[in-house]
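In what follows, a structure is listed as structure tokens, so that the remarks can point back to it.
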There are 6 protein chains.
Amino acid sequence: MNMFHILLTIFVLVTYSAHAAVQDFCVADLKVPESPAGYSCKPPTNVTVDDFVSSSLNFAANTSNIINAAVTPAFAAQLPGVNGLGISIARLDLAPGGVIPMHTHPAGSELLLVTQGVIKAGFISSANKVYIKTLKKGDIMVFPQGLLHFQLNAGGVPAVAFASFSSASPGLQITDFALFANDFPSSLVEKTTFLDNATVRKLKAVLRGTG
Amino acid sequence: MNMFHILLTIFVLVTYSAHAAVQDFCVADLKVPESPAGYSCKPPTNVTVDDFVSSSLNFAANTSNIINAAVTPAFAAQLPGVNGLGISIARLDLAPGGVIPMHTHPAGSELLLVTQGVIKAGFISSANKVYIKTLKKGDIMVFPQGLLHFQLNAGGVPAVAFASFSSASPGLQITDFALFANDFPSSLVEKTTFLDNATVRKLKAVLRGTG
Amino acid sequence: MNMFHILLTIFVLVTYSAHAAVQDFCVADLKVPESPAGYSCKPPTNVTVDDFVSSSLNFAANTSNIINAAVTPAFAAQLPGVNGLGISIARLDLAPGGVIPMHTHPAGSELLLVTQGVIKAGFISSANKVYIKTLKKGDIMVFPQGLLHFQLNAGGVPAVAFASFSSASPGLQITDFALFANDFPSSLVEKTTFLDNATVRKLKAVLRGTG
Amino acid sequence: MNMFHILLTIFVLVTYSAHAAVQDFCVADLKVPESPAGYSCKPPTNVTVDDFVSSSLNFAANTSNIINAAVTPAFAAQLPGVNGLGISIARLDLAPGGVIPMHTHPAGSELLLVTQGVIKAGFISSANKVYIKTLKKGDIMVFPQGLLHFQLNAGGVPAVAFASFSSASPGLQITDFALFANDFPSSLVEKTTFLDNATVRKLKAVLRGTG
Amino acid sequence: MNMFHILLTIFVLVTYSAHAAVQDFCVADLKVPESPAGYSCKPPTNVTVDDFVSSSLNFAANTSNIINAAVTPAFAAQLPGVNGLGISIARLDLAPGGVIPMHTHPAGSELLLVTQGVIKAGFISSANKVYIKTLKKGDIMVFPQGLLHFQLNAGGVPAVAFASFSSASPGLQITDFALFANDFPSSLVEKTTFLDNATVRKLKAVLRGTG
Amino acid sequence: MNMFHILLTIFVLVTYSAHAAVQDFCVADLKVPESPAGYSCKPPTNVTVDDFVSSSLNFAANTSNIINAAVTPAFAAQLPGVNGLGISIARLDLAPGGVIPMHTHPAGSELLLVTQGVIKAGFISSANKVYIKTLKKGDIMVFPQGLLHFQLNAGGVPAVAFASFSSASPGLQITDFALFANDFPSSLVEKTTFLDNATVRKLKAVLRGTG
């Protein structure tokens, strides 16, 4: 029963494993190439508690824009500690009249928590059935992976919500931005959406698209 | 070295495992509840080669419709042998002028193989970048999971393609159908897509939506 | 270009798939056996928006107990819509002096969001390194899967936080409850924790354990 | 600080979750249909420690057979506690001259531990490279998922080994049994293996195949 | 409602994420080390549509060889866009009399689509049951992961098929090549396959094996 | 039927794939950054059979320490061939009176095989139910992922066991070491475990903790 031995036998195991990287976590190192499973890991010895913590969602983002709303993500690219852990979060600010337009997260399901105001939210299934609910402070709603969904301010005051995701990098594809905020040729937009030329041109103008 | 013993020892192992269901495969039984991992399995003793084979994609589907195109799936619901195996397929028929409108597969990536005609296809990334290519017979193109994409006939003759998926039930959400072919209230469609009321009403009329 | 045909061809696909269950989601049916992947799915036709929504986290739970704290989960067993989606959430209420004692979630990583008060939180890695941070309203912190962690009220007022998980059923193992709140024989507790008999007996008394 | 409250608040959580099945484990219930993720779960209240324990690998199996060897599995079908946990084990007994013939495990990697005697083992990669080693008591060797491999007694005394697998149902396909111990038509065996008719007939006779 | 603001708020999110790599896809970079999840990703800014497209399967491969057949893969190593997406494809050309000999894919299930001619295909389960079918143009057949299977030309004319896989790198292990086309010692081949020395020597000669 | 052609057509496929790394396996290269899926892969051309084999578990480890026991791991950091394969192993040596104290493996389930002596082992579920069994030579017991468990020598002679894991890097968190063998402030240990100051100080002294 020698205290020194435990340090020479058990600790050897634990310490050795630690040196070789224990895969308890894989804090993202954005400077080296990533893999299909996420970003490469920082050396464990360089990891600090601040890799797992963020105050970036403390304050309301600027909502003086066309949608009167803003999304502030804490995905693996912003919060490196979530890399590889299958979880992340984003803050939603919706001024009165604000809306997070129809969008999908290609790589994750979303769980929304309203912390201020009133939000009307909904998603549409592959069977084209619509699921809509008006949510007040403390309410939660889940949006299954990859399905179109939206959130809009349904009260007269600013609303705030936090969206958790089942992926460290869930992605975000806003339908209008995908269609109109790039050089996607108008004729192809029209053929693949049934929208008429005037509508496509108007939205491309609003979202600074070309083509 | 007795032939009979091998049947009593090795065969016992193999046969016993087989009785208890070996999980080589899990042919879908559509009559019992499914799990998050897919349909429940038919008893192995009821499985035949026909659970793994289909001729349902042999012939062109009827394309006399508004999109001049048709999709014939062989997902787990149609081809029970793919259940749980992470693979499925669908046939695309595109008459001249035909289009598979902008859509996503919430649960799988797609690999398209053109077998007849000329098809222009494309997808849009989360960064709103557009990737478009004109494909001829024998060409292949991959569409990453959950991203908006489309296919349209770019030749003057009927085109045929086969789309493989990285899921036995990849899902299919056609954007226009999700927005206009149901009772999704027009005012919400307008607020979440920036489309004007006239456009929403017109498309709802075309796709028999209400609200 | 006949509106009726689209309903006979494209809609056939979508509707048919819907009948056979599209696996967009798998709302938990708690009345039938579950699988390693989670609960069995309710028939899609019985699913409503209320399967995806909950108001159960709206109000503070009673914290008049030994830990001056409470955990209110919205896991798959409470919020059936998250089943199979790899996400869930719980509300933490910590009265002044309250603590969520040292615990693990065997099946998921946790992302904590403080919405009221001040919380000191921390986790310990396999290499026995401690990561501690004091969090205020709006701060987030991630706790990697399976590692020991804790939260305690570090302000003089009630604190509230919401913990998201990378699993619909992350589990919760509170170390003290695992050791002292059951019939685990005291002699085995002592041998496997190095705690002395008096300590084990005292904690078993507090937590109503036997043995 | 009332002992009774902790039982009414914290215990409520834990107990409630337990009733709804906590997914700590999913002990196989072989009597109901399985899913792609494994067998359905026994109700947690029916689970006992004996679901997780087995003495079935204690003794040498009968090796008086053509291969002078035997495999005794403790897969999910035999040891229900491993269901869904991604682990299982089997005992290998090899009399002098015994061999586990060339085989694959379609659904898992194998880690072999020799506990008695001397075993020569090897596997072949997709690049057709052969990796062979002679193992003595205490040696371990890993065989990557799905690759052809074998073990044979390389000493003059009985050998014993335990093979762990990265799946609760790794499967076992012995090449000779797959080719010759069934009604697979000889002409097809010949065409697909380049073996001549005499060889196929001889092996079919040995392994009681027909066709 | 200032157009400039949307570019400063929403676009900031999307653009920033894009710079940090959005994990919509992970186009393979073959020049850096790979991980268990696949190849490392090319920087997103270097990705073009041609990473997702290939014409390499357009034409029949040379089948003037011993099997009168050829396999042309478009796996992640050949089609970098499929890396990490769980899907890939290969073209099979079978001249009259041609055969794809008995083989497995250690890491993926296969879905075969016949596009020309007549092919007899089959697989064998772990329970040694044989599932065989003759397939004509347009027919599909699925081969579960890791199981032995084969395809042979069953018509008098050249046959073509396309095999999709549930992995970007499914692997390919042809049994005869694994046994005879390398330096695997003949005595070990004999002991582990029950083949006699003459047969082993003959096949080693045909496939240029040694030992 | 030209032997040379097969080398020019079929071999081309196999060899080419091999050069580009076939992902049959991913032998760990500890010198480059790891990803969430494990260590990066050694170039396949540098891989030898010794990457898959180890004799490091052949002999009893030194158990002259406070727990009269030792754990010798063969995880991915020690046995690079298991990297990415979801399997690993460790040897347990327990002198008379020895104990592997209460611990968890955050990232894997464990399957214990006793090869010498008598071991009493147990685990505790999230529902705080205790599952204990006394195991003799040849007995096996499974410990579900992330749950607290222990093993102790229950005979008068040295005991040996081998623990297999469902992960190449399952991790190991010994509760006492996590709480007392570091600089975790005593006041926080006390608040989060209900242990009194004297107990915490005593155990910190034993395990060389500070704070």
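Things to note:
- Mean-position separation - Cα centroids, the range F:74-151 and the range C:85-125, in angstrom: 28
- Overall form of the range B:145-195 per C-alpha gyration tensor (a/c, 1.5; a/b vs b/c): oblate
- Compactness of the protein assembly as shown as Cα Rg over 2.2 N^0.38 Å, two decimals: 0.91
- Most mobile listed residue (A:Pro144, A:Pro101, A:Pro33) in chain A, GNM with C-alpha springs under 10 Å: A:Pro33
- Charge tally around F:Pro44: other residues with Cβ under 9 Å, Lys/Arg +1 each, Asp/Glu -1 each, net +1.
- Dipole moment magnitude, nearest 20 debye, the protein assembly as shown about Cα centre, only Lys, Arg, Asp, Glu C-beta charged: 0
- Chain E versus the axis that turns it onto chain C: the residue with the nearest Cβ and the distance in whole Å amount to E:Gly86, 8.
- The range D:27-113 - convex hull of alpha carbons, volume per residue in Å³: 127
- Semi-axis lengths, largest first, of the ellipsoid equivalent to the range C:52-170 are 21, 19, 12 Å, with √(5λ) applied to each eigenvalue of the Cα gyration tensor.
- Virtual paramagnetic centre 7 Å along Cα→Cβ of A:Asp183, amide N under 17 Å, in the range E:25-58: E:45-51
- Computed over protein heavy atoms with a 1.4 Å probe, the carbon and sulfur contribution to the accessible area of the protein assembly as shown reaches 59%.
- Cα-projected label distance for F:Val32 with A:Glu190, points at 7 Å along beta-carbon direction, nm: 5.0
- Cα point-scatterer Debye curve for chain F, base-10 log of I(q)/I(0) at q = 0.11, 0.16 Å⁻¹: -0.67, -1.13
- For the range B:103-205, the extents of the C-alpha atoms along the principal axes are 45, 32, 26 Å, listed from largest to smallest.
- For F:Gly156, inter-copy separations between label points set 7 Å beyond Cα along the Cβ vector come to 3.7, 6.4, 8.6, 8.7, 9.9 nm, shortest first.
- The range C:98-149, Cα convex hull volume normalised per residue, Å³: 72
- Using a Förster distance of 51 Å, the FRET efficiency for A:Ser64-B:Ala60 (Cβ separation, nearest 0.05): 0.45
- Accessible surface buried at the B:E interface totals approximately 4100 Å², computed with a 1.4 Å probe on protein heavy atoms.
- For the range D:135-151, 3J(HN,Hα) per residue [Karplus equation, 6.51 cos²θ - 1.76 cosθ + 1.60, θ = phi - 60°, Hz, x = Gly/Pro]: 10, 10, 3, x, 6, 10, 8, 9, 10, x, 3, x, 8, 4, 7, 8, 9
- Relative contact order for chain B, counting Cα pairs under 8 Å that sit 6 or more residues apart, in percent: 18
- Site pair B:Thr134 and C:Asp50 shows an inter-label distance of 5.6 nm when each label is modelled 7 Å from Cα along Cα→Cβ.
- Exposure rank, largest accessible area first [F:Ser187, B:Ser35; 1.4 Å]: F:Ser187, B:Ser35
- Lysine pairs meeting the criterion (Cα under 25 Å, 8 or more apart or interchain), as found in chain A: 8
- The range D:158-211 and the range A:184-201 have Cα centres lying 59 Å from one another.
- Environment charge of A:Leu147, counting only residues whose C-beta is closer than 10 Å and scoring Lys/Arg +1, Asp/Glu -1: -2
- Here's how it looks for D:Asn182: its modeled amide H is under 5 Å from those of D:Gly209, D:Thr210, which are all 5 or more places away or on a different chain.
- Prolate/oblate/rounded label for the range E:71-137 (Cα gyration tensor, a/c 1.5): oblate
The values are calculated or read from the model by the stated rules, or taken from the named source; none is laboratory data. Keep in mind the model is a prediction, meaning the values are calculated, not measured. Counting neighbours? That spans all protein chains shown, and the Cβs are built from the backbone with ideal geometry, glycine included. Only protein heavy atoms, including side chains, enter the accessible area calculation; ligands, DNA and RNA are left aside. Shrake-Rupley method; radii C 1.70, N 1.55, O 1.52, S 1.80 Å.
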